[in-house]
1. Any chance the stretch A:91-109 includes a residue that's away from chain B (no Cβ under 11 Å) and surrounded by fewer than 20 Cβ atoms within 10 Å (Cβ to Cβ)?
2. Has the stretch B:84-91 got any residue that is at the interface with chain A (Cβ under 8 Å from one of its Cβ atoms) and part of a loop (DSSP other than H, G, I, E, B)?
3. Only residues that are more than 13 Å from every other protein chain (Cβ to nearest Cβ) and either surrounded by fewer than 16 Cβ atoms within 10 Å (Cβ to Cβ) or at pLDDT below 95 (or both): list them for the stretch B:52-75, please.
4. Among the residues that make up the stretch A:36-54, is at least one of them more than 24 Å from B:ASN31 (Cα to Cα), part of a strand (DSSP E or B) and of a type outside the set (Phe, Trp, Tyr)?
5. Since A:SER83 meets every condition but one in (1) surrounded by 17 or more Cβ atoms within 10 Å (Cβ to Cβ); (2) of a type outside the set (D, E, K, R); (3) away from every other protein chain (no Cβ under 14 Å), which condition does it not meet?
6. Might you let me know whether the stretch B:73-84 holds any residue that is within 30 Å of A:PRO10 (Cα to Cα) and more than 10 Å from the chain's Cα centre (by Cα)?
Amino acid sequence: GNSVTQMEGPVTLSEEAFLTINCTYTATGYPSLFWYVQYPGEGLQLLLKATKADDKGSNKGFEATYRKETTSFHLEKGSVQVSDSAVYFCALKHNQGGKLIFGQGTELSVKP
Amino acid sequence: EAGVTQFPSHSVIEKGQTVTLRCDPISGHDNLYWYRRVMGKEIKFLLHFVKESKQDESGMPNNRFLAERTGGTYSTLKVQPAELEDSGVYFCASSHQRGTTDTQYFGPGTRLTVL
């Protein structure tokens, strides 16, 4: 079946460090891939998405590239800020049906 | 444009009691989804409405959970009777159209604690 696996957290970085959160997926067909973020005390927000192979989603300095050959959608940011501290969720949506399938979430803590 | 809203934000009940969660989707969104995150694990799909019809309820854990969306607007999720393992954060999301490219917008969630 379809599934998403994320690197386990928590991840603790110093401000301005480089961030990578790994995400791999298992799916039939050609799903769309998403990163959602949940800031403390808030709901889930869509951070970025990619709908086909080799697409790059980007937003707020974050990027992720849809790699079909490695079934991955790793999240990267060149220089993190304290305000990036949150829980990040990788997800896929199959072309059949509307539900999102999420990874377990990765908590990021950025220290000044 | 107002986002997805959920009520209550928190609910603490005792085992065996009944709780009803409410979700108001973004106006005009036909698709409404319920998800749940238990004990810091992954967010899991519960069910999907298209207007007032249940499109997919494959994620509903058991018959203690009842979801409705009368009139195709807001939705309620009732848990009766609640058990300890029902504790978690219940998210609602809505989207405008089907297909792979529609974006689901999430509400802030309802944190349910069953004692």
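The values are calculated or read from the model by the stated rules, or taken from the named source; none is laboratory data. The structure displayed is predicted, hence computed values, not measured ones. Note that we place each Cβ from the backbone using ideal geometry, even for glycine, and neighbour counts take in every protein chain shown. Side chains are part of the model used for accessible areas, which takes the heavy atoms of the whole protein and leaves out ligands, DNA and RNA. Shrake-Rupley method; radii C 1.70, N 1.55, O 1.52, S 1.80 Å.
1. Yes: the stretch A:91-109 contains one or more residues that are away from chain B (no Cβ under 11 Å) and surrounded by fewer than 20 Cβ atoms within 10 Å (Cβ to Cβ).
2. No, the conditions are met nowhere in the stretch B:84-91.
3. Hits for the stretch B:52-75 are B:GLU52, B:PRO61, B:ASN62, B:ASN63, B:ARG64, B:LEU66, B:GLU68, B:THR70, B:GLY71, B:GLY72, B:THR73.
4. No, every residue in the stretch A:36-54 fails to be more than 24 Å from B:ASN31 (Cα to Cα), part of a strand (DSSP E or B) and of a type outside the set (Phe, Trp, Tyr).
5. Status for A:SER83: all satisfied but (1).
6. yes
Here is a yes/no grid of residues against (1) open to solvent by less than 10 Å² (accessible area, probe 1.4 Å); (2) of a type outside the set (Val, Ile, Thr):
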| residue | (1), (2) |
| --- | --- |
| A:VAL4 | no, no |
| A:MET7 | no, yes |
| A:SER14 | no, yes |
| A:PRO31 | yes, yes |
| A:VAL37 | yes, no |
| A:GLU42 | no, yes |
| A:ALA50 | yes, yes |
| A:ASN59 | no, yes |
| A:THR70 | no, no |
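Residues checked against (1) of a type in the set (Asp, Glu); (2) at pLDDT 95 or above; (3) more than 25 Å from A:TYR30 (Cβ to Cβ):
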position: A:LYS68; (1), (2), (3): no, no, no
position: A:GLY78; (1), (2), (3): no, yes, yes
position: A:SER83; (1), (2), (3): no, yes, yes
position: A:ALA86; (1), (2), (3): no, yes, yes
position: A:CYS90; (1), (2), (3): no, yes, no
position: A:HIS94; (1), (2), (3): no, no, no
position: A:GLY97; (1), (2), (3): no, no, no
